[in-house]
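Beneath this line is the structure, given in C-alpha cells, with notes to follow.
The values are calculated or read from the model by the stated rules, or taken from the named source; none is laboratory data. Keep in mind that what you see is a predicted model, and the values were worked out from it rather than measured. Cβ coordinates were reconstructed from backbone atoms using ideal geometry, including for glycine residues, and neighbour counts include every protein chain displayed. All accessible areas refer to the heavy atoms of the entire protein, side chains included, with ligands and DNA or RNA removed. Shrake-Rupley method; radii C 1.70, N 1.55, O 1.52, S 1.80 Å.
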Amino acid sequence: MIKRIPKFFRSFYFITTALFVVWMLFFDANDFITQYQMSKQLSDLEDVREDYVQKMDEVVKDRKALMGNPDLLEKYAREKYLMKRPNEDVFIIVPKEEE
C-alpha cells in the first residue's frame, strides 16, 4: 500500500515540511486561531482608543474655552462643583420622582 503513494509524498523533506506546517498552524503558541483572536482583539482595542482620543480632544477644547473665559469658568464651577461666593447661599432643588 505504501508503494501506491507517489515517491514525492514519501520523501523525508515533504513529511518534515508537512509536519512543520501542521505544527505551526494548530499546535504552536502562535497558531492560526490565536493570531486571529489577537487580531480581532487589537481591532477592538483600536476602536476603543479612537473613542478615547475623541473624548480627549473634546476635553482639551472645553478646557481651552473655560480657561479663556472667566464667566464661563465661574458658571462651570457653580454648576458642576456647587461652588459659591462667600456671601451667597446655594439651594439645590432635587426633582421629585413620580411613582
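Restricting attention to the stretch 69-97, the residues being of a type in the set (A, V, I, L, M, F, W, C) and open to solvent by 100 Å² or more (accessible area, probe 1.4 Å) number 5. The set of residues in the stretch 74-95 being among the charged types (D, E, K, R) and within 17 Å of Asp62 (Cβ to Cβ) consists of Glu74, Lys75, Arg78, Glu79, Lys80. With respect to being under 30 Å from Leu73 (Cα atoms) and surrounded by 10 or more Cβ atoms within 10 Å (Cβ to Cβ), Lys55 fits the description. The criterion of being farther than 30 Å from Tyr76 by Cα, at pLDDT 90 or above and more than 14 Å from the chain's Cα centre (by Cα) holds for Leu19.
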